[in-house]
Amino acid sequence: MADTQRRGRRIMMTGGELDAFLAEQRTCRVATVGGDGAPHVGALWFAWDGTALWLYSLTRSKRWAQLRKDPRLAVLVDDGDAYGELRGVELTGRAEFVGEAPRTGEPCPELDAPERLFAQKHFGAAALPHDGRHAWLRLLPDTVVSWDFRKIPG
């Protein structure tokens, strides 16, 4: 992760906390940029492998089309109800398209680990079923900003 946050060091997550948080959360919000510069935000399930965020997106979506033209994206994963419980991570960078699109299950060693993580996390299964409508995006974040308000002294 190229950049680390400068402000809020006392409430930022440690590497281990960040990994645990991203492993337990299921849904993220993905922001892309349209041709006219307008943002578009949508929710997706994801998997985190400790280095990259893996997104399994519909290939016939606005998100996919926008990322094909402009790969910049921001992803937000957050949790908490009361103010003192709020925590989250924002990751930014460029989407990389990995494997065939749409994904039909052709051998792709690069996807073995992310598909296993995703299948276990979201389906409780050992293998990911391929529906021929989704494909993989990988985000190797340029910036990661995290916060955990539970660390604020009461």
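The values are calculated or read from the model by the stated rules, or taken from the named source; none is laboratory data. The shown structure was predicted, so the numbers you read here are calculated from the model rather than taken from an experiment. Cβ sites come from the backbone with ideal geometry, for glycine too, and all protein chains shown count toward neighbours. Protein only, heavy atoms only, side chains kept; ligands, DNA and RNA dropped before computing areas. Shrake-Rupley method; radii C 1.70, N 1.55, O 1.52, S 1.80 Å.
Annotations
- Contacts under 6 angstrom Cβ, first residue in segment 91-114 being over 19 Å from ALA125 (Cβ atoms) and in contact (Cβ under 8 Å) with a residue 40 or more places away in the chain, partner crowded, with 16+ Cβ neighbours inside 10 Å and charged (D, E, K, R), 6 or more apart: GLU96/ARG138; VAL98/ARG138
- Flag if LYS151 is within 17 Å of SER57 (Cα to Cα) and open to solvent by 40 Å² or more (accessible area, probe 1.4 Å): no
- Options THR32, THR14: the member that is hydroxyl-bearing (Ser, Thr, Tyr) and under 22 Å from TRP136 (Cβ atoms): THR32
- Unmet requirement for LEU53, which otherwise passes all of (1) surrounded by fewer than 16 Cβ atoms within 10 Å (Cβ to Cβ); (2) within 19 Å of TRP147 (Cα to Cα): (1)
- Residue pairs whose Cβ atoms lie under 6 Å apart, separated by 6 or more positions or on different chains, with the first residue in segment 71-86 and closer than 14 Å to PHE21 by Cα and the second charged (D, E, K, R), are LEU76/ARG29; LEU76/GLU90; ASP79/ARG87; GLY80/ARG87.
- Residue in segment 122-132 that is of a type in the set (D, E, K, R) and at pLDDT 95 or above present: no
- Within segment 72-82, one or more residues are of a type in the set (Gly, Ala, Ser) and touching a Leu at 6+ places or on another chain (Cβ under 8 Å).
- Which listed residue, of THR104, THR143, is closer than 23 Å to ARG29 by Cβ and out of contact with any Lys or Arg (no Cβ under 8 Å at 6 or more places or on another chain): THR143
- Scanning segment 83-104 for residues that are touching a Leu at 6+ places or on another chain (Cβ under 8 Å), open to solvent by 60 Å² or more (accessible area, probe 1.4 Å) and not basic (Lys, Arg) yields GLU90, GLU96, PHE97.
- The residues of segment 105-142 that are farther than 10 Å from TRP54 by Cβ, touching a helix residue (DSSP H, G or I) at 6+ places or on another chain (Cβ under 7 Å) and open to solvent by less than 80 Å² (accessible area, probe 1.4 Å), listed by number, are ALA125, ALA127, LEU128.
- Single condition ARG29 does not satisfy, out of (1) under 10 Å from the mean Cα position of the chain (by Cα); (2) closer than 25 Å to GLY154 by Cβ; (3) open to solvent by 50 Å² or more (accessible area, probe 1.4 Å): (2)
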